[in-house]
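Let me begin by presenting the structure, written as structure tokens, before commenting on it.
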2 protein chains.
Amino acid sequence: MSEIKFTYFNARGLGEVTRLLFKYAGIDFIDDRFEDEDWPKIKPNTPFGQTPILTVNGKTANQSTAIARYAAKQAKLVGSNDWENLEIDAIVDTINDFRIKIQQYYYEPDAAIKESRKGPLFQETIPFYMGKFEEVAKKNDGYLAVGKLTWADFALAGTIEYLNHISGKDLLEKCPNLKKVVQNVTSIPAVKAWIDVRPKTED
Amino acid sequence: MSEIKFTYFNARGLGEVTRLLFKYAGIDFIDDRFEDEDWPKIKPNTPFGQTPILTVNGKTANQSTAIARYAAKQAKLVGSNDWENLEIDAIVDTINDFRIKIQQYYYEPDAAIKESRKGPLFQETIPFYMGKFEEVAKKNDGYLAVGKLTWADFALAGTIEYLNHISGKDLLEKCPNLKKVVQNVTSIPAVKAWIDVRPKTED
């Protein structure tokens, strides 16, 4: 039996998608969390100065989306052919693009620059992306790709609370089909059981 | 026989990785290029306002990396198991992270903000990433992942000229192992033949 360890901040952030996938699949893993103040000690020992890190039988790998895709394969939540996997990968990377745009606002240390990004983000970027995602979810009948449950749905369900936190908005407020996507994931008993017991964190 | 069309700017940019992969595999595709001035007309008809777009038998998909991964599967340049594919995906996404950091400098319209990013980018970010990539290439004996030719090598070889262009530097200057990665791709006859005849573009 493989020993699997998933190392990340004590936060949902970029880590929760993989945790949800492992929990869905019933795959045991060490939920290795560190506090913000310990990050400077850990950072130099990571492959590119970033987390999450996945360790399987002593081998390590970085990059949140790459790790989530690996977890999704173990969970059998990938597409049934190359084209389906392209559709899934594309929407996952688009969620990442959207996240980066919100992060570029939220984490900007210069107050004037941050202020200048507010209008474009809240009046253009967020309505544009949420409108498009909602269309995709409607077309796929409550899923984000290929009309059935895949890890693309986990990519949204595992990130939406973080995105709401850093945008300061309820992003799904006017998006009934995206709410359905999230609910299709969070109502799965194994996922729900994890959400009930997981550490309560701010982001 | 599938009809494959790859739509992107008349540039290497985020499109050349996929073109190199299709050429390597001997897969026929329509190299559909548009000029910058036509982009405003094309943009509203793309899934999320972005290119490249891949069209196969009338179905379309977006996201450069997702498309390149699809092309890599057709080219049989992926890993031989899930862990190998995780290693490949991780280094590809890390190249993307690095690209985004250079783009955030190059495309910044505000001159003062752009200037403030110069020091961190050229004195910290670029030396850090290039040093790490060089280590990875050395460890993998002239490849970027799993010690053999994969699409991770194409991800670098197809992007390096664009990265040099937007950074204004010869990024591989002091990186003999990364030069080997690029040469391992560009010396393949089918790839070399394409490079010799492809449209000459600035970026």
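Couple of notes before you dig in:
- Gaussian network model of chain B, Cα within-10 Å springs - most flexible of B:LYS59, B:LYS23, B:LYS139: B:LYS59
- Here the relative contact order of the stretch B:1-105, from alpha carbon pairs under 8 Å that lie six or more residues apart, stands at 28 percent.
- Debye intensity ratio in log₁₀ form over the Cα atoms of the protein assembly as shown, taken at each q of 0.10 Å⁻¹: -0.69
- Remark on the stretch B:83-127: Rg and Dmax equal 13.5, 44 Å (Cα only).
- Point-charge dipole on Cβ atoms (K/R +1, D/E -1) for chain A, about Cα centre, debye to 20: 320 debye
- Neighbour counting of Cβ atoms within 10 Å sorts the residues B:THR201, B:THR18, fewest neighbours leading, into B:THR201, B:THR18.
- Order of B:GLU84, A:GLU87, B:GLU124 under a 10 Å beta carbon neighbour criterion, fewest first: B:GLU124, B:GLU84, A:GLU87
- Cα gyration tensor, the stretch B:54-100 - rounded (a/c under 1.5), prolate or oblate: oblate
- Least to most buried among A:SER187, A:SER64, A:SER167 (fewest other Cβ within 10 Å first): A:SER187, A:SER167, A:SER64
- Volume in Å³ per residue [convex hull over Cα atoms, computed for the stretch B:4-97]: 105 Å³
- Each Cα pair under 8 Å and six or more residues apart adds its separation to the average, and for chain B the resulting relative contact order is 24 percent.
- Here r is the Cβ-Cβ distance between A:LYS76 and A:ASP97 and R0 is 25 Å; the resulting FRET efficiency, rounded to 0.05, is 0.40.
- Mean per-residue shielding of peptide A:65-73 is 5, counting Cβ atoms of other chains within 10 Å of each Cβ.
- Counting Cβ atoms of other protein chains within 10 Å of each residue's Cβ and taking the mean over peptide B:90-99 gives 5.
- Among residues other than B:GLN183 with Cβ under 12 Å from its Cβ, the summed charge is +2 (Lys and Arg +1, Asp and Glu -1).
- Using θ = phi - 60° and Karplus 6.51 cos²θ - 1.76 cosθ + 1.60, couplings along the stretch A:45-59 (whole Hz; Gly, Pro as x): 9, 8, x, 10, x, 9, 10, x, 10, 10, 10, 10, 6, x, 8
- Ranked from largest, the principal axis spans of the Cα set of the stretch B:65-177 equal 48, 28, 21 Å.
- Of the Cα atoms belonging to chain B, the radius of gyration and Dmax stand at 17.0, 53 Å.
- Spatially proximal lysines relative to A:LYS192 (Cα-Cα < 20 Å; intrachain offsets below 8 disregarded): A:LYS23, A:LYS76, A:LYS148, A:LYS179, A:LYS180, A:LYS200
- Expected 222 nm ellipticity per residue - DSSP helices of 4 or more, -39500 (n - 2.57), all of the protein assembly as shown, to 500: -16000 deg cm²/dmol
- Environment charge of A:PHE34, counting only residues whose C-beta is closer than 13 Å and scoring Lys/Arg +1, Asp/Glu -1: -2
- Gyration tensor verdict on the stretch A:137-203 (Cα atoms; rounded if a/c is under 1.5, prolate if a/b is larger than b/c, oblate otherwise): oblate
- Here the gap between B:ILE27 and B:PHE128, fully extended at 0.36 nm per residue and compared with their Cα-Cα distance, gives a gain of 32.7 nm.
- Inter-copy separations for B:ILE30, label at 7 Å along Cα-Cβ, nm, ascending: 5.4
- Each other copy holds its own label point for B:LYS41; taking that point as 7 Å from Cα along Cα to Cβ, the gaps run 6.2 nm, nearest first.
- Nearest residue to the symmetry axis between B and A, taken on chain B by its Cβ, in whole Å: B:ILE113, 3
Taken together, the values in this text are just the output of simple stated rules run on the coordinates, not laboratory data. Treat the numbers as computed from the prediction; the structure is a model and nothing was measured. Methodologically, a virtual Cβ is constructed for each residue, glycine included, from the backbone with ideal geometry; neighbour enumeration extends over all protein chains shown.
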